[in-house]
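Please treat every number below as a calculation from the coordinates, not as lab data. Quick caveat: nothing in here was measured; it's all calculated off a predicted structure. Every residue, glycine among them, receives a Cβ derived from its backbone with ideal geometry; neighbour counts consider all protein chains shown.
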Amino acid sequence: MGQINIWIKGAFITVCLLIGIISSLLLAITLFGHGYAHQTEEIEELLPTISVVYVIGGGTLALTIIGAYGACKKKKWAVFLFSLGMTVGSLYLLAESISAYQMKEEIKEEIREHYKILMPLTNPSEKDLGRIHKIQNNFKCCGVENGYKDWGDEIPISCLCSEDNRAFKCVDSGNNTRFIVHHSSNNMSEEDHGLTKEHRLVYAEPCIPVLINSFNFVIDLILGICFAVTLLWAVGASLSITILCQMRRKLNVPPVMFTSKVSQYTQLSDPAANA
């Protein structure tokens, strides 16, 4: 029984260490993301989510410290608190992961509708123009739904398929189009940018399918990480419950006292032998 207790205790400490490392990384990433989000206009929308992640990361880190302390010092209250927190946390994370998986199609449709509203692209606002320009640069796509044709005769330079990006699917935009560089104050023509008729290749993929594929990859990655973390939390909760049971069993064993004192007694004689 002693070897089993040592093995379970070692496994529990290891799980606490892994959960602590993951929680610390989560807090560090959240802190970095919080600082970056302050530079964007969506900070007000992101603050509730950032606050929830802070609470989860900080609470989980605190629970791992309490749980490891309880296992080392044999404090039932600390192990019980860890067990309760990990059980509730794993159930919450599992429920959120299942909910996010079920909402995938709905979110994909929202993405599609959100960018369809920007059509036509022949006269976009400055805010929408900057957003689309950034998407085309980052995801190597052009247009929203119909590729470069969404831009009409004036295609932004962000659609240009350069020599370094020939790994992406490109098409010829034709001789009736010209490339322009969109800025908030001025437009540069293709002559000002040094483009010639040989540089007519643009990204073939429209941005909506590319964005949805990227969203699928990210959400699947996040869900996979969430399920792995949920499993790790569940293992920690199971080990802590096992330790609690062993601690309880140890307290319920009645004390046994041993003595080296020889008992004094009188040997009775057999009446039949004395007759």
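The length gained on full extension between L231 and S24, counted as 0.36 nm times the residue separation minus their Cα-Cα distance, comes to 72.7 nm.
Close amide H contacts of V144 (hydrogens built in the peptide plane, cut-off under 5 Å, sequence separation of 5 or more or a different chain): D150, C207.
Please work out whether segment 45-144 counts as rounded, prolate or oblate from its C-alpha gyration tensor, where a ≥ b ≥ c are the square roots of the eigenvalues and a/c under 1.5 means rounded, while otherwise a/b larger than b/c means prolate and anything else oblate?
Since a/c reaches 1.5 and a/b is larger than b/c, the shape of segment 45-144 is classed as prolate.
Applying the Karplus relation 6.51 cos²θ - 1.76 cosθ + 1.60 with θ = phi - 60° to segment 61-68 yields 3J(HN,Hα) values of 4, 5, 5, 5, 5, 5, x, 5 Hz, where x marks Gly and Pro. In the structure displayed, which of K104/K149; K104/K169; K149/K169 lie more than 24 Å apart, Cα to Cα? From the list (K104/K149; K104/K169; K149/K169), the Cα-Cα distance tops 24 Å for K104/K149; K104/K169. With the highest mean first, a sort of the peptides 145-154, 233-242, 26-35 on other beta-carbon atoms found within 10 angstrom per residue produces 233-242, 145-154, 26-35.
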